[in-house]
Amino acid sequence: MRTKQDRLRVLQTVLSSEEGEGQLQDLEISASAVATADPPPKPAQPGPAAVPPPKPAAPAGTPSSTPAARPPASDPIAAPASVVRPEISRPSGPAASVPRLRAGRPSLPTGPRRAVSQPGAARGRLTSLDAFRGFIMMMLAAGGFGILRFSRLPEDAPVWAAADRAVWQQLGFHFDHPAWISVFDGWRVAFWDLIQPAFMFMVGVAMPFSYARRHSQGHGWFAMSVHAMMRALVLVLLGVFLSSLGKPSTNWVFPNVLCQIGLGYFFAWLLLNRPLAVQLSALVLLLGGYWAWFRFTPPAADYDYKAVSADVEKGEVFTGAWAGWSKNANAAYRVDDWLLRQLRSHEVPVAAESPEPAVGAAVGAAVGADAVAGDVADAVADEAAVDVVGGISWRKAFFSNPEPYVPNGGGYTTLNFVPSIATTLLGILCGQWLLSSTLSGWEKLLRLLLLGGICLGLGLLAHATICPAVKRIWTPSWALVSGGYVIGMLAVFYILFDLLPLRLLAFPLVVVGSNSILIYLLGQTLNGWVREQLIRVHLSGFIEQAFGPRAFDEQWYGLLVMPTTVFAIYWLLLLWLYRQKLFIRI
């Protein structure tokens, strides 16, 4: 079979011969003769110009007809890339009597070519991650939907005539933080203890996706490093702001989850996309070093636990090898005891600080009250002079909280962020797998389940042998136990919403997860106003008409109805923002 290039060569030969002039009178090239099933020709090599066919000679006395306008080259039908059309020039001389060839349009597809996805194309959001984040934020913003308070209603409350109090009490256990030890019956944990680990784990899962998006936008490593540091700073300041609500001045404490994420964020980011051996080594060094620090710096034998609100009966005080993990008697607490005092106004010693008031009075009488007051005033003046830089007292400007330092009632410490970096790093590992284009969905799931099982097993083993699992001070065993649980939770969401065709069911959670920082701030700042000013004033009548006059009765189901209504209002706001494609990012 002849190719189109062969036929064009024959045409050129015929056109250039005088014998072929008479044969071309009725010659016409049809579309079917040009567009055959042959493969497209290679680009024509430069050579001698072809002799073009002349315009047919018009009879005497007849005006020459104007040729039809040629379709523009941008027309995908008139000028397909697979058809080569030689340029035709008008000859002069004897060849002028040769008629011009009329080429018909080739029969080619009229639709656009199907786009082929290229490697590195932008991937969509991970539905399971948005849904998981939305689930955790929903629980935080709704305050656990009031389940804990409802379960603690007295036994004679009328609601227990309709509800099973024992079931609600078992459920309520999971919506409160245990006093100190976080693992029960060898493996069980309270769901509420997993809220913060899940939050910090999801930060790590999202990191590879954020990095890939910024890298595709042309951001370099330095620009992304600056962005990571700024994000960390903003998170810390937001956490301090929330901790200062209702305080007379800025309250520089850092147990808030936003502070904890911010303090460890940049260090975790530095481990992103490192070799697996480097990431696992960092994980071991973090947890192993933190364990050794606590293990070999126990409190003194005569340590006063009552002075720091540590209760032996509640299991907050350990003895023996575990003494270093007692409440407000551990290495991290001693750092806070020094650091957080520096972030406040100078405290003037008074006699009342002595265990026995008479002792303070006796000391004052012995050395002279004026001498004591003078020494204190001189010390404060000397330190204040050091704090003045450029005529501005920086301590007075930023660290003027007059309230005396008091140990954290729950035993939380600033340095909890150090072992929690390990939790974020586990999230980074999972995020890198979920972003991978070389693993199938089921292979990713298998890796999640395997890593979760390993972390849970190692954590429970450590809890039973060398280190108690305590969420409040984020012990290494707790980092592993909680890591295993939250990886398992992500695996469940991944099965449901990324592997199974149930993505539509995730939509209510995705709406929340897409604006997670906003819903968290709303829950921390506006819950009281929404409850008292919006719902009770404007919506209580409607809700009571719909659910009965006792809808808000706290001896009935009111403790469940109110927080649910508050969250419903937040969700409607988030839905509107989602439809407007408005998302708050840091």
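The values are calculated or read from the model by the stated rules, or taken from the named source; none is laboratory data. Note that this is a predicted model, so its numbers are computed, not measured. Cβ atoms come from the backbone with ideal geometry, glycine included; neighbour counts cover every protein chain shown.
Does LYS306 meet the test of being closer than 18 Å to GLY410 by Cα and modelled with pLDDT of 95 or more? Give the steps one after another, and end with the answer.
Values: closer than 18 Å to GLY410 by Cα: yes; modelled with pLDDT of 95 or more: no.
No: the conditions fail for LYS306.
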Which residue pairs have Cβ atoms closer than 8 Å, lie 6 or more positions apart in sequence or on different chains, and pair a first residue in the stretch 572-583 that is farther than 13 Å from VAL510 by Cα with a second residue that is exposed (fewer than 11 other Cβ atoms within 10 Å of the Cβ)?
none
What's the number of the only condition in (1) farther than 22 Å from SER225 by Cβ; (2) surrounded by 21 or more Cβ atoms within 10 Å (Cβ to Cβ) that THR297 fails to meet?
(2)
Does at least one position in the stretch 423-437 carry a residue that is hydrophobic (A, V, I, L, M, F, W, C) and in contact with an Asp or Glu (Cβ under 9 Å, 6 or more places away or on another chain)?
yes
Anything in the stretch 476-531 that is part of a loop (DSSP other than H, G, I, E, B), in contact with a helix residue (DSSP H, G or I) (Cβ under 6 Å, 6 or more places away or on another chain) and without any contact (Cβ under 8 Å) to a residue 40 or more places away in the chain? List them, or say none.
LEU502
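Considering every residue within the stretch 253-275, establish whether at least one is outside any helix (DSSP H, G or I) and β-branched (Val, Ile, Thr). Quick ask: steps written out before the conclusion?
Residues of the stretch 253-275 outside any helix (DSSP H, G or I): 253-256, 270-275.
So of that shortlist, the ones also β-branched (Val, Ile, Thr) come out as 253.
Taking every residue of the stretch 253-275 in turn, at least one turns out to be outside any helix (DSSP H, G or I) and β-branched (Val, Ile, Thr).
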Taking the criterion of being at pLDDT 95 or above, within 15 Å of PHE209 (Cα to Cα), of a type in the set (Gly, Ala, Ser) and in a helix (DSSP H, G or I), would at least one residue in the stretch 429-439 satisfy it?
yes
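Yes or no, residue by residue, for (1) within 18 Å of GLN555 (Cβ to Cβ); (2) in contact (Cβ under 8 Å) with a residue 60 or more places away in the chain; (3) among the hydroxyl-bearing types (Ser, Thr, Tyr):
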{"position": "ALA142", "(1), (2), (3)": "no, yes, no"}
{"position": "ARG152", "(1), (2), (3)": "yes, no, no"}
{"position": "PRO158", "(1), (2), (3)": "yes, yes, no"}
{"position": "LEU171", "(1), (2), (3)": "no, no, no"}
{"position": "TRP180", "(1), (2), (3)": "no, yes, no"}
{"position": "ASP185", "(1), (2), (3)": "no, no, no"}
{"position": "ALA190", "(1), (2), (3)": "no, no, no"}
Can you name every residue in the stretch 540-562 that is under 15 Å from TRP160 (Cα atoms) and not polar (S, T, N, Q)?
ARG550, ASP553, GLU554, TRP556, TYR557, GLY558, LEU559, LEU560
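Looking at PHE399, PHE417, can you tell me which residue is at pLDDT below 95 and touching a Leu at 6+ places or on another chain (Cβ under 6 Å)?
On the way: PHE417 fails: at pLDDT below 95.
One residue alone meets the criteria, PHE399.
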Mind checking which residues of the stretch 282-326 are touching a Phe, Trp or Tyr at 6+ places or on another chain (Cβ under 8 Å) and closer than 14 Å to PRO476 by Cβ?
PHE294, GLY324, TRP325
Matching residues, the stretch 569-586, being under 16 Å from ASP130 (Cβ atoms), in contact with a helix residue (DSSP H, G or I) (Cβ under 9 Å, 6 or more places away or on another chain) and in a loop (DSSP other than H, G, I, E, B)
LEU582, PHE583, ILE584, ARG585
Residues satisfying the stated conditions in the stretch 449-471, i.e. hydrophobic (A, V, I, L, M, F, W, C) and either within 14 Å of TRP187 (Cβ to Cβ) or surrounded by 21 or more Cβ atoms within 10 Å (Cβ to Cβ) (or both):
CYS455, LEU456, LEU458, LEU460, LEU461, ALA462, ALA464, CYS467, ALA469, VAL470
Search the stretch 551-565 for residues that are in the same structural domain as ILE147 (by TED's automatic domain parsing) and more than 25 Å from ILE519 (Cα to Cα) and pair each with any residue that is at pLDDT 95 or above and of a type in the set (D, E, K, R) when their beta-carbon atoms are under 9 Å apart and the residues are at least 6 apart or on different chains.
GLU554/ARG149
Does TRP293 satisfy the criteria of being under 23 Å from PRO178 (Cβ atoms), of a type outside the set (Gly, Ala, Ser), at pLDDT 95 or above and outside any loop (DSSP other than H, G, I, E, B)?
no
Complete set of residues in the stretch 541-578 that are under 25 Å from PHE175 (Cβ atoms) and among the hydroxyl-bearing types (Ser, Thr, Tyr)
TYR557, THR564, THR565, TYR570
Cβ-Cβ below 8 Å, separation at least six or inter-chain, first residue in the stretch 202-215 and more than 16 Å from PHE132 (Cβ to Cβ), second aliphatic (A, V, I, L, M) and outside any helix (DSSP H, G or I): which pairs?
TYR211/LEU272; ARG213/ALA122
